[in-house]
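First the structure, in the form of structure tokens, and then the observations on it.
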Amino acid sequence: MLEPPQAQVIDTNLLGDHMTDRCLRLLAVAALLSIGACGGSDVTGVADSNNNGGSTPPASPSFAGDVNSIFVAKGCTSGSCHGGGQGGMTLSGSASADYAAIVNVPATADPSFLRVKPDDAQNSYLVMKIEGRAGSRMPKGGSPLSDLEITTIRNWIDSGAPQN
């Protein structure tokens, strides 16, 4: 994640009131732009049932609490992504609907793979897409998922992809 620039100290005694106001407005705009450039949708920690603060991926993540929350936080459910049916499927942010859309469902781009194949993250099309092993890496146009997020999704699939 990009770090916002450090604030600069301005000696306002050297500037007139007009210049001081203008500099402060420009600094405020620059700070807002630098925060917006960070994307704002990165998940910095994944909630897990182990209550370890999200610093390590949960060994047995839940779909609703861990996996689907990654989809929502990364913008996958937005209208410009799968929320609008892009990529041949729709994600709504509803855990039950999103689960039904991805588990044991053939991938639109390559029906020889399931989007999520329970107990087999390596051969699940979702994992192939987020790792960049099938076509363009998801999320398209966004920052890649962190290792923590990918491992959380892999652990959920390898745990049988339970609907929990």
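The values are calculated or read from the model by the stated rules, or taken from the named source; none is laboratory data. Please read these numbers as outputs of a predicted model, since none were measured by experiment. With ideal geometry, Cβ positions are generated from the backbone for all residues, glycine too; neighbour counts draw on all protein chains shown.
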Exercise for the section: Would you check which residues across segment 79-103 are assigned to a loop (DSSP other than H, G, I, E, B) and touching a residue at least 24 places away in the same chain (Cβ under 8 Å) and list them? Expected result: Cys81, Met89, Gly93
Completion exercise
Every listed condition ((1) of a type in the set (D, E, K, R); (2) at pLDDT 75 or above; (3) not in a loop (DSSP other than H, G, I, E, B)) holds for Asp110 save (3)
Fill in the blank from the handout: Residue set Val116, Val67; condition touching a strand residue (DSSP E or B) at 6+ places or on another chain (Cβ under 8 Å) and not basic (Lys, Arg); output residue Val116
Fill in the blank from the handout: Inside segment 64-78, the number of residues satisfying the requirement of being under 14 Å from the mean Cα position of the chain (by Cα), over 21 Å from Asp110 (Cβ atoms) and either assigned to a loop (DSSP other than H, G, I, E, B) or of a type in the set (A, V, I, L, M) (or both) is 8
Exercise for the section: Being closer than 22 Å to Ala100 by Cα and not hydroxyl-bearing (Ser, Thr, Tyr) is the filter; apply it to segment 146-158 and report the residue that is surrounded by the most Cβ atoms within 10 Å (Cβ to Cβ). Expected result: Ile153
Practice task
Considering each of Ala64, Ala121 in turn, give the residue that is touching an Asp or Glu at 6+ places or on another chain (Cβ under 6 Å) and under 18 Å from Ser159 (Cα atoms).
Solution key: Ala121
Problem - Any chance Pro58 is buried (at least 16 other Cβ atoms within 10 Å of the Cβ), more than 17 Å from Met138 (Cα to Cα) and outside the structural domain of Thr152 (by TED's automatic domain parsing) - result: yes
